[in-house]
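One structure below.
The values are calculated or read from the model by the stated rules, or taken from the named source; none is laboratory data. Every value quoted in this text rests on a predicted model; they were computed, and no experiment measured them. All Cβ positions, even for glycine, are placed from backbone atoms using ideal geometry, and neighbour counts span all protein chains on display.
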């Protein structure tokens, strides 16, 4: 597609439920990143996929968080047993291999009630 | 460890004023990239500029200019003759070339009043 697409744009879930957030990167981009942006704060790195290499999961805040990237394209970020502190905007970005310029999606605003 | 500090949380100016957004970074790497992003109310981050650590030449793009000084580990961003449409949150970020993840500052919220 023309840009990075994220769905849903907004998600309200009850505490304890699992949620899945989806990211469609720009076609041909081999690198994909997930960031979390809490209210009034900067972006917190979560996970990074590059081609077929093992992902860099060093930013995942707990074992309730996991991410997959199927076929080197679409990625799903899963949060299990959501907590209120998980409420944030989750941003996905992608870039060409070897490029330092990342293109961001509009994010998924997650609210845990 | 890497760190990016944007000391100004919020700035408010009147249209046509010049405004400078500060960014100070910390890294042990000798090779890195610095970025500025704009986040308008729509939420999507918009790439503004990228500089690598070997290029300290300042850059001007229209009303935007950037001042990179390795000696003070700063990468400041100036908007000349600000406009209401410049109102947004601006993020400074540092990328280690050996890793994919960027370290972002907490952002500066710029409000330009008519």
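So which residues in the range B:82-102 are away from chain A (no Cβ under 14 Å) and under 16 Å from residue A:35 (Cβ atoms)? Walk me through how you get there before you give the answer.
Narrowing the range B:82-102 to residues away from chain A (no Cβ under 14 Å): B:82-87.
Within the range B:82-102, none qualify.
Identify the residue in the range A:66-82 that is away from chain B (no Cβ under 14 Å) and surrounded by 19 or more Cβ atoms within 10 Å (Cβ to Cβ) and, among all such residues, is farthest from the chain's Cα centre (by Cα). Don't jump to the end; show me each part of the working.
Filtering the range A:66-82 for residues away from chain B (no Cβ under 14 Å) gives A:66, A:68, A:70-74, A:76-82.
Remaining after also requiring surrounded by 19 or more Cβ atoms within 10 Å (Cβ to Cβ): A:77, A:79, A:82.
Numbers: A:77: 5, A:79: 10, A:82: 15 Å.
The extreme case among them is A:82.
Residues checked against (1) closer than 21 Å to residue A:41 by Cβ; (2) at pLDDT below 95; (3) within 11 Å of another protein chain (Cβ to nearest Cβ); (4) crowded, with 21+ Cβ neighbours inside 10 Å:
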site: B:5; (1), (2), (3), (4): yes, no, yes, no
site: B:22; (1), (2), (3), (4): yes, no, no, no
site: B:27; (1), (2), (3), (4): yes, yes, no, no
site: B:40; (1), (2), (3), (4): yes, yes, yes, no
site: B:43; (1), (2), (3), (4): yes, yes, yes, no
site: B:64; (1), (2), (3), (4): no, yes, no, no
site: B:80; (1), (2), (3), (4): no, no, no, no
site: B:104; (1), (2), (3), (4): yes, yes, yes, yes
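In the range B:34-50, which residues are within 15 Å of the chain's Cα centre (by Cα), farther than 16 Å from residue B:67 by Cα and in contact (Cβ under 8 Å) with a residue 40 or more places away in the chain?
B:38, B:39, B:40, B:45
Give just the number: which of (1) within 13 Å of chain B (Cβ to nearest Cβ); (2) in contact (Cβ under 8 Å) with a residue 60 or more places away in the chain does residue A:112 not satisfy?
Among (1) within 13 Å of chain B (Cβ to nearest Cβ); (2) in contact (Cβ under 8 Å) with a residue 60 or more places away in the chain, residue A:112 violates only (1).
For the range B:13-33, give me the residue count where each residue is in a strand (DSSP E or B) and free of Cβ contacts under 8 Å to residues at least 60 places away in the same chain. Break it down stepwise before answering.
Going through the range B:13-33, the residues in a strand (DSSP E or B) turn out to be B:13-14, B:19-21, B:24-26, B:32-33.
Narrowing further to those that are free of Cβ contacts under 8 Å to residues at least 60 places away in the same chain: B:20, B:24, B:26.
Adding up the residues that qualify gives 3.
Can you find a residue in the range A:51-58 that is without any contact (Cβ under 8 Å) to a residue 40 or more places away in the chain, surrounded by 14 or more Cβ atoms within 10 Å (Cβ to Cβ) and within 22 Å of residue B:105 (Cβ to Cβ)?
Taking every residue of the range A:51-58 in turn, at least one turns out to be without any contact (Cβ under 8 Å) to a residue 40 or more places away in the chain, surrounded by 14 or more Cβ atoms within 10 Å (Cβ to Cβ) and within 22 Å of residue B:105 (Cβ to Cβ).
Can you tell me which of A:101, A:85 is surrounded by fewer than 17 Cβ atoms within 10 Å (Cβ to Cβ), more than 14 Å from chain B (Cβ to nearest Cβ) and without any contact (Cβ under 8 Å) to a residue 60 or more places away in the chain? Give the derivation first.
Details: A:101 fails: more than 14 Å from chain B (Cβ to nearest Cβ).
The conditions single out A:85.
I'm checking my understanding of the structure. Among residues of the range B:47-62 that are farther than 24 Å from residue B:12 by Cβ and not in a strand (DSSP E or B), which one is farthest from the other protein chains (Cβ to nearest Cβ)?
Going through the qualifying residues, I end up with B:58.
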